[in-house]
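Engineer: Dropping a structure here in structure tokens format, bear with me for questions.
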Amino acid sequence: MTDTATEQVLVPAPKAGRRRGRGEARSYNREKQRSTLLTVLLWICALYFVLPIVWLFIASTKSNADLFTTFGFAFGHTFDLFTNIGAVFTTQNGIYIHWAINTLIYAVVSAVGASLLATMAGYAFAKYRFPGAVVMFSVVLGAIMIPLTALALPTYLMFSQLGITNTPAAVIVPSLVSPFGVFLMRVYAADAIPDSMIEAGRVDGAGEFRIFWQIGLRLLGPGIVTVFLFALVGTWNNYFLPLIMLNSSDLYPLTVGLAQQQATSAAGGGSQALFSVVITGSFVSIIPLVIAFLFLQRYWTTGLASGSVKE
């Protein structure tokens, strides 16, 4: 009887196990299908961003003749990358170097200033309660929706009245304002800085500025790096604002300078053919951005990972 009872107890178990196995298999298949679709979409997005860079690199290795006689994603008959790079830094008495220095100054100064102002504003909106805070933050959110090109002409007219057009300030000052950076830092500061830590600093006798500089900035590091990268890339790639603000070629950034060289190449009528120089110069201009991202991403990803788990 004991053996029979044991068989009655043990027999249903494998059947139930088999039923659960089929259900788990069906669930696994559905998850596998979803992950496959997601993988395909991610690969499409990756190709969308990577293929232009691949084309730019391949085109930088071609001569002017190969640019128009060979397939875009195929190398030319000769590998002229280093020849083109040399031409980039020697054409028009090496003005590319001057444009690169201008771009570096505009981008770094604007990114540092925009990061600092956005961090201070976001911290204030997140941690202080003052009259008009909701209205002011709503204005910041509304400013995000306004395209920069719509503000370029009014900004030019205002700067023209102040007499600061055709100066570096005409490019740097508008770039210091980052409504999206303020919004991002407000959201980040709300969770990254505990109110208890601010209260502890006040109890210890620290002023508000000291709490912000010695406590807030340390905890807001990943957010600051994010805003810095956005501002750096935005100013580095800005074309329309320098175009309308600057008249002297000595003040041009790379975007406007390369566009002028492209216009010279496309003019025809005996103009110098600079197509390969412009393309290679564009490829060289993105290298500093890649280096900056690779150097700063460790601070960015580390901070985001450390803030993703709450106790």
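Each reported figure results from applying straightforward, stated rules to the coordinates on display, with no laboratory input. None of the values given here were measured: they were computed from a predicted structure. Every residue, glycine among them, receives a Cβ derived from its backbone with ideal geometry; neighbour counts consider all protein chains shown.
Engineer: Rounded to the nearest 0.05, what FRET efficiency is calculated for Val187 and Leu289 with R0 set to 35 Å and r the Cβ-Cβ distance?
Structural biologist: About 0.90, to the nearest 0.05.
Engineer: Go through region 109-165 and name the chymotrypsin sites (Phe, Trp or Tyr not before Pro) that are in a DSSP coil and have 14 or fewer other Cβ atoms within 10 Å of their Cβ.
Structural biologist: Counting only loop positions with at most 14 other Cβ atoms within 10 Å, the chymotrypsin sites (Phe, Trp or Tyr not before Pro) in region 109-165 are Tyr128.
Engineer: Right, something else. Using the beta-carbon distance between Ile53 and Arg129 and R0 = 51 Å, what value does 1/(1 + (r/R0)^6) give for FRET efficiency, to the nearest 0.05?
Structural biologist: Efficiency at R0 = 51 Å is approximately 0.65.
Engineer: Right, something else. Return the ratio Rg/(2.2 N^0.38 Å) for region 105-151, where Rg is computed over Cα atoms only. Don't jump to the answer; show the numbers that get you there.
Structural biologist: Numbers: Rg = 13.0 Å, N = 47, 2.2 N^0.38 = 9.5 Å.
Relative to the 2.2 N^0.38 Å estimate, region 105-151 comes out at 1.37.
Engineer: Under the Karplus relation 6.51 cos²θ - 1.76 cosθ + 1.60, θ = phi - 60°, what is the ordered set of whole-Hz ³J(HN,Hα) values for region 241-255, x standing for Gly and Pro?
Structural biologist: 4, x, 4, 8, 8, 10, 10, 8, 5, 5, 9, 5, x, 5, 4
Engineer: At each listed q (0.18 Å⁻¹), what is the log10 of I(q)/I(0) that the Debye formula gives for region 48-88 modelled as equal alpha-carbon point scatterers?
Structural biologist: Debye curve over Cα of region 48-88, log10 I(q)/I(0) at q = 0.18 Å⁻¹: -0.45.
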